[in-house]
Amino acid sequence: MDDDAEIIAEFLVESHENLDQLDRDLVELEREPGSRERLSSIFRTIHTIKGTSGFLAFNRLEQLTHVGETLLSRLRDGEVVMTPPIAEGLLAMVDTVRALLDGIERTGRDTDPAVAVDPVVAVIDGLLAPASEPASEPAPEPVPEPAPEPAPEEPGERRTVVESSVRVDVDLLDDLVDLVGELVLTRNQLLQRSLGSADAELVRASQRLDLVASELQESIMKTRMQPIGQVWSKLPRVVRDLSHQLGREVELVMEGHETELDRSLLEAVKDPLTHLVRNSLDHGIEPPDVRRAAGKAAKGTLTLRAYHESGQVVVEIADDGKGIDPATIGAVAVERGVVTRDQLARMDGRDVLGLIFRPGFSTAAAVSNISGRGVGMDVVRTNIERIGGSVDVASEPGLGTTTRVRIPLTLAIIPALVVGEGGERYAIAQANLVELVRIEGDDLRRQVEDLAGARVLRLRGTLLPLVSLAETLGGTPPGDEALTVVVLQSDDVRFGLCVSEVHDTQEIVVKPIGRQLKAVSAYAGATIMGDGRVALILDVAGIAGTAGVGAVQQEVADPRALGADDRTALLVLEVADGRRAALPLTAVARLEEFGRDRVERSGTSEVVQYRDGILPLVRLASAIGLPDTSDQGDRISVVVHETGDAAGAVGIVIDRVLDVVEVAVTASEVGRRAGVTGSAVVQERVTDLVDLEAVVLRSGVPA
């Protein structure tokens, strides 16, 4: 059904219901002509039908309801009083309106020649004409016969739009969803019991119950699904009023308003979305003169976009405004005590943008009725995460900002993967599930390593951070004989969750967790399994945040093949008392740590025994002309670089690994020297770009 047809169908259903009420109200008004409350109700109903019919270009219907509205207005204002002819005329109008609506349903137009509108209009005009004469005089026209009732349809014929719809109380729908949830739990229990049963009849009955329960659940959930356009309906007015107040010129574009999600979630996201729209107007889109000076169109564009992706609803709020400057965010955050300068120095650009979600943070110079109090974005994130969603911001200074909100389709019943850890079972929403990976033997030693103190997995050219579920829950991680990894995605964060067991997938009924566990970020809810035991539902975003997993996925590939923007994957290091250097990630085979007592000498070179061989070492700081500070502590950090020939590998001794980033490198000749090709700004810090070939030569190992 296209948009116009859907609007017309809703208009027909509502109008028919109102006409039934009008019949009753007019009869009662004839008994109690002085009831102003009933007159006002009748007037509002006809006024609504008239306004919508004009919007939909139903001209005959608009003409008829217009004269009826005028007569009702005279009655309401006391200019005329209710008489039998007036009552007959109004009832005839209602009958004719009903006949026109039937014609609209059949043909999509109100031009049915079988419905005579002009005689009814003439009668009502006649009732209006002698307004100065005594109201008891009869009307000049004879009232036309009511429109004929449509012939009864044969059984099985098409139902009308009114007969095809029914209004149900929302509380009843909520009760039905709860009952279906209990049915799903019972079905899961019966299915589990029947799996080991030799009773063929029980197995068949349980399978039939499974099918019926699934279809019933799907049907019930559809009754709660509503288009997100219902939430957006008030936003054009918000944008209009706020743009006038702020002196902005804004065009609002809305795409995907038909995207559906559970009505309870619609209510939950209404306020956060409104706040994000207000934020885009206040902090994003510039005044017309500022935009013109920057070479932009005077009118800014605010785009709302909704679509389904991976079992979730994604809502984007994008503006083409001034964007967010990470330097400004960082400075304000330090000034207001949100972070320290040392903490800021360790943050990448994405982490800095994330500061806008901290409580008490605001860049507004003064408090107004729109912003500046430091509340809002933190509440937005809290409310979105409360319903199992997430919110993320991406911005380009001078170009604009996009806020992306991800929310589940429904909170009631979801498909989930059940995993085991420490004798307990946990559920993970399938919307967050990417794949399952099993690693053992030589693959385990080759693909899993430590990076800056954290375990990572090399998976098809990607460095994937690993998080142990056992450690997250306060237990002891499993041994290193084999690794079962559940690859999960939350927003732009992808990581591997190491678990002891993987059971199966099933539909689970989401139950809220008690207030005692609300503060534990690892849990999003609970469910009852088939054996009656409770299993906690894991919060993927919460686990990622607790483990400090970064949001950038790092590609281990030839930098020249990374795309037209020449983005390069770099390993960022700290050398010589806080000085930074970077290596191409493609040159890094492994990251190792050795006890200082394992370092030996062979001639003038430092070496360690490594993987049944000898690994020559070269101190990176000394190789690039900086004082060597890597002797502090009882262990050394080493980047292993494989030279690709018979010479084997060389170990580059560093202070510590800071991060892995993928950036478009703009190299400068500044700082160029032996072992350094130049410098670049990486994570807003000047960083030496290491000439790895020259450094390797310093070790005496041919490159």
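The values are calculated or read from the model by the stated rules, or taken from the named source; none is laboratory data. All values derive from a computational prediction rather than experimental measurement. Counting neighbours? That spans all protein chains shown, and the Cβs are built from the backbone with ideal geometry, glycine included. We work out accessible area using only protein heavy atoms, side chains counted, and drop any ligands, DNA or RNA first. Shrake-Rupley method; radii C 1.70, N 1.55, O 1.52, S 1.80 Å.
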Only one of A57, A92, A9, A87 is among the hydrophobic types (A, V, I, L, M, F, W, C) and loosely packed, with under 13 Cβ neighbours inside 10 Å, namely A57
Got a sec? Which of S233, S165, S194 is polar (S, T, N, Q) and at pLDDT 80 or above? S194
Pairs, please: C-beta under 9 Å, at least 6 apart or cross-chain, first residue farther than 15 Å from G651 by Cβ and in region 612-626, second assigned to a strand (DSSP E or B) and open to solvent by 20 Å² or more (accessible area, probe 1.4 Å)? I624/R673; G625/R673; L626/R579
Which ones in region 269-305 are within 17 Å of the chain's Cα centre (by Cα) and farther than 23 Å from A394 by Cβ? K270
Could you list, ordered by first residue, the pairs with Cβ atoms under 7 Å in which the first is in region 196-221 and under 20 Å from V509 (Cβ atoms) and the second is open to solvent by 70 Å² or more (accessible area, probe 1.4 Å) and part of a helix (DSSP H, G or I), at least 6 apart or interchain? S206/L190; L209/L190
Flag if V690 is open to solvent by 10 Å² or more (accessible area, probe 1.4 Å), closer than 24 Å to L344 by Cα and either modelled with pLDDT under 85 or of a type outside the set (D, E, K, R) (or both): no
For A621, the lone unmet condition from (1) more than 27 Å from Q343 (Cβ to Cβ); (2) over 42 Å from the mean Cα position of the chain (by Cα) is (1)
Could you grab the pairs with beta carbons closer than 7 Å, sequence gap of 6+ or different chains, first residue in region 322-341 and among the small types (G, A, S), second one open to solvent by 30 Å² or more (accessible area, probe 1.4 Å)? G323/E396; G323/P397; G323/G398; G323/L399; G330/L344; A333/L344
Here, helices (runs of 4 or more DSSP H) confined to region 216-328 with at least 2 residues that are open to solvent by 70 Å² or more (accessible area, probe 1.4 Å) are 235-246, 263-279, 288-293
Got at least one residue in region 147-162 being under 30 Å from G78 (Cα atoms), small (G, A, S) and modelled with pLDDT under 70? yes
For region 174-182, does any single residue satisfy the condition of being modelled with pLDDT under 80, under 34 Å from the mean Cα position of the chain (by Cα) and not acidic (D, E)? yes
Restricting to region 329-343, count the residues that are among the small types (G, A, S) and either in contact with a strand residue (DSSP E or B) (Cβ under 7 Å, 6 or more places away or on another chain) or surrounded by fewer than 19 Cβ atoms within 10 Å (Cβ to Cβ) (or both). 2
State the number of residues belonging to region 243-269 that are touching a Lys or Arg at 6+ places or on another chain (Cβ under 6 Å) and modelled with pLDDT of 85 or more. 4
